[in-house]
Amino acid sequence: MPRQIYDAKTFKKMVERAEEVRVMRGEEKVKLKLRTKRMLYTYVADKSEAEKLLKNIGKPIKEVKP
């Protein structure tokens with residue numbers, strides 16, 4: 001079962017452990033998924049916040065269609 005992350009600060013910490021980041025873009029929201037060795041974490045953000053977070057990620061980003 002995936003676990004949801006509710007704040008950006010925790011998301012930034014979890015990115016360091018992630019193997020890849022998957023991005024699902026909706027009309028209003030963007031879902032960011034972090035794949036670690038053991039777990040899948042999801043974070044839902046608006047488009048502007050998601051773009052700010054994605055600029056600073058040093059991991060492979062994979063665009064996924066909903």
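All of the numbers you see were taken from the coordinates with simple rules; none came from a lab. Owing to the predicted nature of the structure, the values given are computational and were not obtained by experimental measurement. Neighbour counts are summed over all protein chains in view; Cβ atoms, including those assigned to glycine, are modelled from backbone coordinates with ideal geometry.
Normalising by the residue count of the chain, find the relative contact order in percent from Cα pairs under 8 Å and 6+ residues apart.
38 percent
In nanometres, what is the gap between the two model label sites at THR42 and ASP7, each 7 Å from Cα along Cα-to-Cβ?
About 2.2 nm, to one decimal.
For a quick check: sort ARG3, ARG35 by the number of other beta carbons within 10 angstrom, fewest at the front.
With the fewest neighbours first, ARG3, ARG35 line up as ARG3, ARG35.
With θ set to phi - 60° and the Karplus curve 6.51 cos²θ - 1.76 cosθ + 1.60, what are the ³J(HN,Hα) couplings of the stretch 25-31 in order, to the nearest whole Hz, using x for Gly and Pro?
Going residue by residue, I get 9, x, 5, 10, 10, 10, 9 Hz, with x marking Gly and Pro.
For a quick check: with amide H placed at 1.01 Å from N, whose amide H comes under 5 Å from LEU40's, ignoring anything fewer than 5 positions away on the same chain?
Amide H neighbours of LEU40: ARG3.
So which residue, out of GLU51, GLU19, GLU28, gets the largest mean-square fluctuation from a GNM of the chain using Cα contacts under 10 Å as springs?
Among GLU51, GLU19, GLU28, the largest mean-square fluctuation in the Gaussian network model of the chain belongs to GLU28.
For the stretch 32-45, just list the computed ³J(HN,Hα) in residue order, Karplus coefficients 6.51, -1.76 and 1.60, θ = phi - 60°, integers in Hz, with x standing in for Gly and Pro.
For the stretch 32-45, the Karplus-derived couplings read 9, 10, 9, 9, 9, 5, 9, 9, 10, 10, 10, 9, 9, 9 Hz, x marking Gly and Pro.
For the stretch 3-64, what class follows from the C-alpha gyration tensor (a ≥ b ≥ c being the square roots of its eigenvalues): rounded when a/c is under 1.5, otherwise prolate if a/b is larger than b/c, else oblate?
The shape class here is rounded.
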